[in-house]
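Read through the structure below, which is laid out as structure tokens, and then see the notes.
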Amino acid sequence: MFLLLLVAALTGAAWVGLLAYREGVKEEHAKRMGEAWVQWLSSQAGKRADDGYGHAPCAARAGATWRGCREWLTGPEGPMTGQRNAFTGAAMRLVTVCDPRDRGTAGMLSLEKVTPLPAGMAVPFIVSPLTDADAIDQRLVIRVTACDKGSGSIRIGEPEF
């Protein structure tokens, strides 16, 4: 009886370990998707204001908004095409915030705008959701966050774009 109980306990421990490993792989996949965004955004920061910039929807020009750039990035011609949510298998979506009360955001990415405040302020910057209407004609800092299994935040980076 003792040996049977021991085998059952070891089998249960191995099963729980396997489940934890699978969830960890999914979170790492979400982080890799976020790292791809960070790399692309930071690689384009110095080029966006140049004449003849190759990715017109994301160029730093008057009237340019995040919506056009986001749609190009995730569209069929964009570099983020084909990204999949590891938890659901659906196409990767961007959310305004990782909300632990909403488990549906697991595996998604959140992009937020980091705005510096004047020197001497008690809080050096404010963070707000990056919305479709936000202008991208100037350089801005974007915080990229991946949502983990519990829809908590995993901060990936804050590239200048």
The listed residue being among the acidic types (Asp, Glu), in contact with an Asp or Glu (Cβ under 8 Å, 6 or more places away or on another chain) and surrounded by 13 or more Cβ atoms within 10 Å (Cβ to Cβ), out of 23, 27: 27
Just checking, how many residues over segment 103-131 are under 20 Å from residue 147 (Cα atoms), in a loop (DSSP other than H, G, I, E, B) and either in contact with a Ser or Thr (Cβ under 7 Å, 6 or more places away or on another chain) or not hydroxyl-bearing (Ser, Thr, Tyr) (or both)? 4
If you check every pair at least six apart or on different chains, which have Cβ atoms under 6 Å apart with a residue in segment 1-30 that is closer than 30 Å to residue 152 by Cβ and touching a residue at least 60 places away in the same chain (Cβ under 8 Å) first and a residue that is surrounded by 10 or more Cβ atoms within 10 Å (Cβ to Cβ) and of a type outside the set (A, V, I, L, M) second? 23/149; 26/87; 27/148; 30/107
Given the residues 33, 80, which is the only one that is within 13 Å of the chain's Cα centre (by Cα), under 25 Å from residue 128 (Cβ atoms), outside any loop (DSSP other than H, G, I, E, B) and of a type in the set (A, V, I, L, M)? 33
Considering every residue within segment 90-102, establish whether at least one is of a type in the set (Asp, Glu), within 30 Å of residue 23 (Cβ to Cβ), crowded, with 20+ Cβ neighbours inside 10 Å and at pLDDT below 95. no
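Residue-wise test of (1) part of a loop (DSSP other than H, G, I, E, B); (2) modelled with pLDDT under 95; (3) farther than 21 Å from residue 105 by Cβ.
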| position | (1), (2), (3) |
| --- | --- |
| 3 | no, no, yes |
| 9 | no, no, yes |
| 15 | no, no, yes |
| 25 | no, no, no |
| 37 | no, no, no |
| 43 | no, no, yes |
| 51 | yes, yes, yes |
Consider segment 50-106. How many of its residues are over 22 Å from residue 35 (Cβ atoms), among the aliphatic types (A, V, I, L, M) and free of Cβ contacts under 8 Å to residues at least 24 places away in the same chain? 2
Keeping to segment 132-161, report how many residues are in contact (Cβ under 8 Å) with a residue 40 or more places away in the chain, within 16 Å of residue 59 (Cα to Cα), in a strand (DSSP E or B) and out of contact with any Leu (no Cβ under 7 Å at 6 or more places or on another chain). 2
Within segment 53-67, the residues that are within 19 Å of residue 95 (Cβ to Cβ) and part of a helix (DSSP H, G or I) are 66, 67
It is to be established whether one or more residues within segment 64-83 are touching a helix residue (DSSP H, G or I) at 6+ places or on another chain (Cβ under 9 Å) and closer than 28 Å to residue 19 by Cα. yes
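The values are calculated or read from the model by the stated rules, or taken from the named source; none is laboratory data. This one's a predicted model, so the numbers in the text were calculated from it and none came from an experiment. Quick reminder, even Gly has a Cβ in these numbers, built from the backbone with ideal geometry, and neighbours come from all protein chains shown.
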